[in-house]
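Some notes on the structure that comes next.
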Amino acid sequence: MNRFTRPISLLAAAAAVIALSGCGGSSPGATTLDKNADVTITWWTGQDEAAHKTLESLAEEFEKEHPNVTIDLSPGASSTEELLQKMLASFSGYNYPDISYAFGSWSSQLEGSNRTLDITERVQDDAIGWDEFSDSARQTVQPTGEKTIGFPAIVDNLSLIYNKTVFDAAGVDYPTEDWSWADFRSAAKRLTDPATNTYGYGYSVQGTEETTWQFWPHLWQAGGSILSEDGTSVEFDSEAGINALTFLRGMAVDDKSVYLDQTDTKAGQLFAADRIGMITSGPWQLYDLKAAGTSYGVVQLPGTGDDHQTVSGPDIWALFDHQDKNREYWAFEFTHWLTSAEQDQRWNVAIGNLPLRTSELSSDAFAEKVKEYPGLEVMAANSLNAKTARPTIKGYVWISESIGHAISEVLQGKGDPKSALEAAAEEANGQLK
């Protein structure tokens, strides 16, 4: 199973957003707030049938508590991937929702549409508990740092998952939370056994975002950045980036301790079958491991010094502006209620996602889920290491494609890190301009 879902039609989407941002507005609704007035808010959940039903029951509960509020909810589109196109099309007719699920990678485009609410002032209220969300999740709903366009909806991160059977067979000590890059490389080399086709580590070389986002923690831990401070050019070809890719190349090419996955999914399957000692993955992987009966453990990523940064792919509940104070108020109130610890335990935690808020880590609901999927608690705690968000700029897809190809080529011995990253940076910068 692969957590990452690639953002769709980014070039067309960006063009559509720019074209529509100048369109005339619809007639305004309530210009002064009346909390008791009857109001209907529209919610696109972006979920499959089972998850949608869970959210539907929560919406019904909110309606009972607030009889003047009606929540008109639907999945919004036939799949989450189609939601962005649906939203962009809805902007021109002003029939877009009050609340919609959105991949975090869309947030910059949504802010640029001039259709989103800015809730920055409201989330400063201590009662909102804004600091209970991870740094990465907060950054994702604040794509330019100027506006806050919604609430975090789902959070995840990459952790190191190790196969106890493979470690025991090789007589290697299990990973610890203070592992360095050197510890990681040494263990991967010792776990590798050509006679049994067993590898120490698995890494995607398909050149997709799966390839790319597993590289970002190495870049950040080495002191590097994806983008320049003003966001107009890439910086992954820095000395930090070269050092990070050189490290991975050493494992893949020199040590031959890395299974180079051409499919994005095969490494997970081989790990579950006791053929790979370590993978970096997230909570979605635990379902497959439980089903396969794999003996595994989870720790935070190996790091440099005390830096064990990870990468997260937060998704969001985007809030939209209809020039109606009543709809604006209740869209915010409902989304805050939905993302509170109490409701999140019945939503994200119940379906096996990580808790949105740090306050949920000690809850009974999460403790029960940890019993079902051991290691989930480590992944939840690892959210504190998600300190940097992946860029949400419209050109991120070009960045990902450029560096993903470079990483794949280098790990397969087809180039040197410096030249490959410089070429990728030149290509990405050309596209960004």
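Closer than 20 Å to GLY104 by Cβ, assigned to a helix (DSSP H, G or I) and of a type in the set (Ser, Thr, Tyr): does that describe SER383? The answer is yes for SER383.
Go through the residues of region 395-409 one by one and say whether even a single one is aromatic (Phe, Trp, Tyr), free of Cβ contacts under 8 Å to residues at least 60 places away in the same chain and in a helix (DSSP H, G or I).
Here is the first cut: in region 395-409, the ones aromatic (Phe, Trp, Tyr) are 396, 398.
Those still in the list that are free of Cβ contacts under 8 Å to residues at least 60 places away in the same chain too: 398.
From what's left, in a helix (DSSP H, G or I): 398.
Yes, some residue in region 395-409 is aromatic (Phe, Trp, Tyr), free of Cβ contacts under 8 Å to residues at least 60 places away in the same chain and in a helix (DSSP H, G or I).
Restricting region 259-287 to residues that are of a type in the set (Val, Ile, Thr) and under 21 Å from VAL172 (Cβ atoms), the residue that is nearest to the chain's Cα centre (by Cα) is THR280.
Hey, could you check region 131-141 for residues that are assigned to a helix (DSSP H, G or I) and either among the aliphatic types (A, V, I, L, M) or surrounded by 16 or more Cβ atoms within 10 Å (Cβ to Cβ) (or both) and say which is farthest from the chain's Cα centre (by Cα)? This residue is GLU132.
Of all residues being part of a helix (DSSP H, G or I) and of a type in the set (Gly, Ala, Ser) in region 168-193, which is surrounded by the fewest Cβ atoms within 10 Å (Cβ to Cβ)? Just the residue, please. Walk me through how you get there before you give the answer.
Within region 168-193, the subset part of a helix (DSSP H, G or I) is 168-170, 181-191.
From the residues that got through so far, the ones that are of a type in the set (Gly, Ala, Ser) too are 169-170, 182, 186-188.
Working: ALA169: 15, ALA170: 15, ALA182: 11, SER186: 16, ALA187: 24, ALA188: 23.
My answer is ALA182.
Might you check whether a residue that is under 27 Å from SER186 (Cα atoms) and in contact (Cβ under 8 Å) with a residue 60 or more places away in the chain occurs anywhere in region 325-339? Walk me through it before giving the result.
At the first step, the residues of region 325-339 found to be under 27 Å from SER186 (Cα atoms) are none.
No - not one qualifying residue is present in region 325-339.
What number of residues within region 328-355 satisfy the criterion of being of a type in the set (D, E, K, R) and buried (at least 21 other Cβ atoms within 10 Å of the Cβ)? Explain how you work it out, then say what you get.
If we filter region 328-355 for residues that are of a type in the set (D, E, K, R), which is where we start, we get 328, 333, 342, 344, 346.
Among the residues that remain, those that are also buried (at least 21 other Cβ atoms within 10 Å of the Cβ) are: 328, 344.
Adding up the residues that qualify gives 2.
Does region 370-393 hold any residues that are of a type in the set (Val, Ile, Thr) and in contact (Cβ under 8 Å) with a residue 40 or more places away in the chain, and which are they? Passing the criteria: VAL378, THR388, THR392, ILE393. Filtered by the rule that a residue be touching a Ser or Thr at 6+ places or on another chain (Cβ under 6 Å) and charged (D, E, K, R), region 157-197 gives LYS164, LYS189.
Here THR208 fulfils each of the conditions (1) of a type in the set (Ser, Thr, Tyr); (2) within 15 Å of THR310 (Cα to Cα); (3) at pLDDT below 95 apart from (2).
One residue is enough: does region 382-403 have a residue meeting the conditions closer than 30 Å to ASN163 by Cα and in the same structural domain as GLN214 (by TED's automatic domain parsing)? The answer is yes; a qualifying residue exists. From the list THR196, THR211, the one residue that fits, being surrounded by 21 or more Cβ atoms within 10 Å (Cβ to Cβ) and among the hydroxyl-bearing types (Ser, Thr, Tyr), is THR211.
The values are calculated or read from the model by the stated rules, or taken from the named source; none is laboratory data. Note that the structure is a prediction, hence the values are computed from the model and not measured. Virtual Cβ from ideal backbone geometry, glycine too; neighbours counted across all protein chains shown.
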